Amino acid sequence: MAKICLCLTGKTIKRDLELLEKYRREVDMVELRADCLEPDERLLIRRFPEQAGIPVILTIRRDADGGFFTGGEASRMSLLSKGLAFADANPRHNFAYVDVEEYFNVPSLEEAARAFGTRVIRSYHNRHGVDADLAGRIRSLCRVGDELVKVAVTPRTTEDVLRIFKAGWETMDMEKILIGMGCMGVPTRILAEQMGSQISYTSVKGEPDLPDIDGGQLEPRELAELYRFRNITAKTRVFGIAGYPLKVTFSPLFFNTVFGLENIDAVYVPFPTDALEPFMELADRLGLGGASVTIPHKEAVLPYLARSTEGVKSIGACNTIVYGEEGWSGYNADAPGFSGSLLDFIGKKNFKGKRVTIVGAGGVARAVASEIYRLHGKALVLNRTSPRAKEVAAPYRFAWGALDSQGVREIDKYRDIIIQTTPAGMEGHAEEDPLECYSFSGFEVVMDLIYKPERTFFLRRAEAAGCRVLNGYDMLMRQAQLQYGYFINAEFPAHLMARMRF
């Protein structure tokens, strides 16, 4: 069973012990990054395993290898020797592991470590990409049979992530630690067990005195409690979300919370997906039960579907895929999620008599347009590029135009409801306003499908003018409940909503 290891990167032993106590329940072991300690504190590392009371990895990483140790190699070797010296009769008072790089060649120290019951981790880090023959690289590292091989590489693309998983599967006969560093590598940390990796590293976030040693590492409680890492086995059903860049996604919190409350052996994983083809291959190889599909893949996923609902066919976009006997089936939860949320907000059963402006022309805009038409409304579709707006509007004979002065003037004819469907206003685009040239009258109902932040710049401006405003949170919750039904083939348990606080 894969273990959770907390990287301790404090400047003092006292600080590291404080961090360990804070997260002791969530972790199985710790890595003492002695290279992060102040020089005087490094002299105190020998007693750390006894003070910690759980298995400890000793690591002194050079700055050339991505660490913080700037002294010479002789100085580093001396520190390692002091950390392993004077072995205690109680093995729990000794370091359980010592992490040394592939080029490290000090047989006397390595033999001393083994004599003291300290296992050698032979590590290799590639901070620039993923090796072409990664499985071969893993096998080449092990010098002695009792060494534990550690390979950490940096995926830049979904193709890279697929290569890491393939290497893991090809070396299932080996004891190893296999890690994809950075944000693209997050799935490898959550699904370590699925590829035979024995340890997943975590770190403390948001503490100003601690360095961020790898932006892809999850927090201990996130990995242990949200993803229920210790419960993941080969039998665990895997679901996920595919999109790019996936900087903001609520879905893992929702689904993993529900799986936990319902005691379902499943995990929902974020898959940053810059290209759909390698993701679909990874999904097939992992046996993914289903996935949410978000920007920019809602239309591109259609060719991969063996069957799809009439809603997907008419809208031309899919945000949910489920694997079955026939292959992948596609659904669209955007449409009913959107209309249910907005109609409840305005207290209507349909959009009859309403003239609506839709801003954007992506997959979710297609779903919005479909529902406006189905529920008897009329609409104007505006987009930065007018041909895309025309594609969305044409099936329903809606008006369309560009997001320019002429297009904005047309809003006066379609301003009962204004619906913003683009990423403008999300984190990373916080000050963007797709209708900056439009002046709200105060009588519009304004909906922004973004849910984080709660109030985008666009919504704040509308609200200040006196408009009734709605963000995308309620729509998101409705979508998620529908997707749960598609994934689990059972109606969402309504009683859970009272127990869920997000």
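If you go through segment 10-31 and pick out every residue that is over 22 Å from ARG230 (Cβ atoms) and surrounded by 24 or more Cβ atoms within 10 Å (Cβ to Cβ), you end up with 1.
Taken over segment 74-113, the residue count meeting the criterion of being basic (Lys, Arg) and farther than 17 Å from ILE13 by Cβ is 2. The test for being touching a Lys or Arg at 6+ places or on another chain (Cβ under 6 Å), more than 28 Å from TRP169 (Cα to Cα) and at pLDDT 95 or above does not hold for GLY316.
Candidates THR9, THR70: the one that is in contact (Cβ under 8 Å) with a residue 40 or more places away in the chain and hydroxyl-bearing (Ser, Thr, Tyr) is THR9. Within the option set ARG307, ARG285, being closer than 28 Å to ASP265 by Cβ, in contact with a helix residue (DSSP H, G or I) (Cβ under 9 Å, 6 or more places away or on another chain) and charged (D, E, K, R) holds for one residue only, ARG285. Summed over segment 98-128, the residues that are in contact with a strand residue (DSSP E or B) (Cβ under 7 Å, 6 or more places away or on another chain), under 25 Å from PHE165 (Cα atoms) and not aliphatic (A, V, I, L, M) give a count of 8. The set of residues from segment 385-441 being closer than 25 Å to GLU454 by Cα and charged (D, E, K, R) comprises ARG415, ASP416, GLU427, GLU431, GLU432, ASP433, GLU436. The single condition from (1) in contact with an Asp or Glu (Cβ under 7 Å, 6 or more places away or on another chain); (2) farther than 24 Å from LEU178 by Cβ that ILE232 fails is (2). Within segment 445-479, being modelled with pLDDT of 95 or more and among the aliphatic types (A, V, I, L, M) holds for VAL445, VAL446, MET447, LEU449, LEU459, ALA462, ALA464, ALA465, VAL469, LEU470, MET475.
Is it true that some residue in segment 119-126 is surrounded by 16 or more Cβ atoms within 10 Å (Cβ to Cβ) and either over 27 Å from PRO220 (Cβ atoms) or of a type in the set (A, V, I, L, M) (or both)? Yes, segment 119-126 has at least one match. Identify all residues within segment 80-112 that are outside any loop (DSSP other than H, G, I, E, B), modelled with pLDDT of 85 or more and touching a Leu at 6+ places or on another chain (Cβ under 8 Å); write none if there are none. LEU80, SER81, LYS82, GLY83, LEU84, TYR97, VAL98, ASP99, VAL100, LEU109, listed by residue number.
Filtered by the rule that a residue be touching a Gly at 6+ places or on another chain (Cβ under 6 Å) and polar (S, T, N, Q), segment 324-359 gives a lone residue, ASN332. Residues of segment 364-408 that are hydroxyl-bearing (Ser, Thr, Tyr) and in contact with a strand residue (DSSP E or B) (Cβ under 9 Å, 6 or more places away or on another chain): TYR373, THR385, SER386, TYR396. Based on this model, can you work out whether VAL293 counts as more than 21 Å from LEU191 (Cα to Cα), of a type outside the set (Ser, Thr, Tyr) and either free of Cβ contacts under 8 Å to residues at least 24 places away in the same chain or surrounded by 18 or more Cβ atoms within 10 Å (Cβ to Cβ) (or both)? No, not satisfied. Reported count of residues in segment 32-58, each being touching a residue at least 40 places away in the same chain (Cβ under 8 Å), surrounded by fewer than 20 Cβ atoms within 10 Å (Cβ to Cβ) and touching a Leu at 6+ places or on another chain (Cβ under 9 Å), is 1.
Go through the residues of segment 482-502 one by one and say whether even a single one is assigned by TED's automatic domain parsing to the domain that holds PRO387, within 18 Å of ALA367 (Cβ to Cβ) and free of Cβ contacts under 8 Å to residues at least 60 places away in the same chain. Among the residues of segment 482-502, not one is assigned by TED's automatic domain parsing to the domain that holds PRO387, within 18 Å of ALA367 (Cβ to Cβ) and free of Cβ contacts under 8 Å to residues at least 60 places away in the same chain, which makes the answer no.
Scanning segment 137-167 for residues that are basic (Lys, Arg) and either touching a residue at least 40 places away in the same chain (Cβ under 8 Å) or not in a loop (DSSP other than H, G, I, E, B) (or both) gives ARG137, ARG139, LYS150, ARG163, LYS166.
Residue-by-condition table, conditions (1) small (Gly, Ala, Ser); (2) within 17 Å of ILE295 (Cβ to Cβ):
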position	(1), (2)
PRO245	no, yes
VAL258	no, no
PRO270	no, yes
ALA275	yes, yes
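Does GLY337 satisfy the criteria of being within 17 Å of LEU470 (Cα to Cα) and in contact (Cβ under 8 Å) with a residue 40 or more places away in the chain? Yes, satisfied. Take VAL322 and tell me if it is on the phi < 0 side of the Ramachandran plot and part of a strand (DSSP E or B). When the stated conditions are applied, VAL322 passes them. Within segment 192-231, if we keep just the residues that are in contact with a Cys (Cβ under 8 Å, 6 or more places away or on another chain) and of a type in the set (S, T, N, Q), the residue that is modelled with the lowest pLDDT turns out to be GLN217.
Taken together, PRO91, PRO107 contain a single residue that is without any contact (Cβ under 8 Å) to a residue 12 or more places away in the chain and assigned by TED's automatic domain parsing to the domain that holds ASP160, which is PRO107.
The values are calculated or read from the model by the stated rules, or taken from the named source; none is laboratory data. Only a predicted model underlies this, so the values are computations on that prediction, with no experimental measurement involved. Because the Cβ atoms are built from the backbone with ideal geometry, glycine has one as well, and the counts that use them run over all protein chains shown.
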